[in-house]
Amino acid sequence: QQQVKQSPQSLIVQKGGIPIINCAYENTAFDYFPWYQQFPGKGPALLIAIRPDVSEKKEGRFTISFNKSAKQFSLHIMDSQPGDSATYFCAASMGSNYQLIWGAGTKLIIKP
Amino acid sequence: KAGVTQTPRYLIKTRGQQVTLSCSPISGHRSVSWYQQTPGQGLQFLFEYFSETQRNKGNFPGRFSGRQFSNSRSEMNVSTLELGDSALYLCASSALQGASYEQYFGPGTRLTVT
């Protein structure tokens, strides 16, 4: 029940396309859902986060869609660029619990 | 604010040796978490410290240990190194933002065990 399942494991999209990465969770007590972006040899960087009181959040070209009833959330990257090629991780936590529960990651490649 | 810093950035050790990695969190952050990341793997949680106390520990052998100092800087130690310990070790500092903790990662220490 503590797991966060992320899919797909890898994704190749043409430049300008909209890659979509999905995550699903079981624990309804989760109330904070961040996405991280990691480039090779670097630490993950917080990209965008959402709480279950909203269904969508946009920051620049990155959008999180949240479906509370389905217990799913997804990351969309608009007008994707080769520079967006990275590994993306979703995560979840509950209340003031410091510990994030991580998805397995999605390796995204944007082809020029 | 300066970000999370980790030293050293790269390290090569031999099996059986021990190693100490250091992490300086973002100023004002009192929580520090450590993760192990191996190629193609996700983030494996090692442990988390808050105000010098270990609050939680992941499923790693006792060879992995850590501590936090009064200035929130943290160290992790791995004793009797094994080849399988080769990995990127990531430190993250956290602060309560509203009702949740936001984690910010350092660049990591790349440990190679030969």
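The values are calculated or read from the model by the stated rules, or taken from the named source; none is laboratory data. Keep in mind it's a predicted model, so treat the numbers as computed, not measured. Neighbour counts run over all protein chains shown; Cβ positions are idealised from the backbone, glycine included.
Okay, here's what the table says:
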read-out	value
Residue identified as more than 29 Å from A:Pro52 (Cα to Cα) and either of a type in the set (A, V, I, L, M) or touching a Pro at 6+ places or on another chain (Cβ under 8 Å) (or both) among B:Arg73, B:Arg67	B:Arg73
Single match in B:Glu102, B:Glu75 (criterion: more than 14 Å from chain A (Cβ to nearest Cβ) and either β-branched (Val, Ile, Thr) or not in a loop (DSSP other than H, G, I, E, B) (or both))	B:Glu75
Selected residue (criterion: nearest to the other protein chains (Cβ to nearest Cβ)) from residues of the stretch B:105-114 that are touching a Phe, Trp or Tyr at 6+ places or on another chain (Cβ under 9 Å) and not aromatic (Phe, Trp, Tyr)	B:Gly108
Number of the condition not met by A:Thr28 [criteria: (1) on the phi < 0 side of the Ramachandran plot; (2) in a loop (DSSP other than H, G, I, E, B); (3) in contact (Cβ under 8 Å) with a residue 60 or more places away in the chain; (4) more than 11 Å from every other protein chain (Cβ to nearest Cβ)]	(3)
Residue among A:Ser65, A:Ser80, A:Ser69 that is within 17 Å of A:Leu108 (Cα to Cα), of a type in the set (S, T, N, Q) and either in contact with a strand residue (DSSP E or B) (Cβ under 7 Å, 6 or more places away or on another chain) or away from chain B (no Cβ under 14 Å) (or both)	A:Ser80
Selection within the stretch B:82-114 - more than 16 Å from the chain's Cα centre (by Cα) and either under 17 Å from B:Leu21 (Cβ atoms) or modelled with pLDDT of 95 or more (or both)	B:Glu82, B:Leu83, B:Gly84, B:Val113, B:Thr114
Matching residues, the stretch B:62-86, being acidic (Asp, Glu) and buried (at least 19 other Cβ atoms within 10 Å of the Cβ)	B:Asp85
Which listed residue, of B:Arg67, B:Arg55, is in contact with an Asp or Glu (Cβ under 8 Å, 6 or more places away or on another chain) and more than 9 Å from chain A (Cβ to nearest Cβ)	B:Arg67
Condition broken by B:Tyr35, with the remaining ones in (1) without any contact (Cβ under 8 Å) to a residue 24 or more places away in the chain; (2) crowded, with 20+ Cβ neighbours inside 10 Å; (3) not hydrophobic (A, V, I, L, M, F, W, C) satisfied	(1)
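Residues checked against (1) modelled with pLDDT of 95 or more; (2) under 24 Å from B:Ser93 (Cα atoms); (3) within 14 Å of chain B (Cβ to nearest Cβ):
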site: A:Ala24; (1), (2), (3): yes, no, no
site: A:Gly41; (1), (2), (3): no, yes, yes
site: A:Val54; (1), (2), (3): no, no, yes
site: A:Arg61; (1), (2), (3): yes, no, no
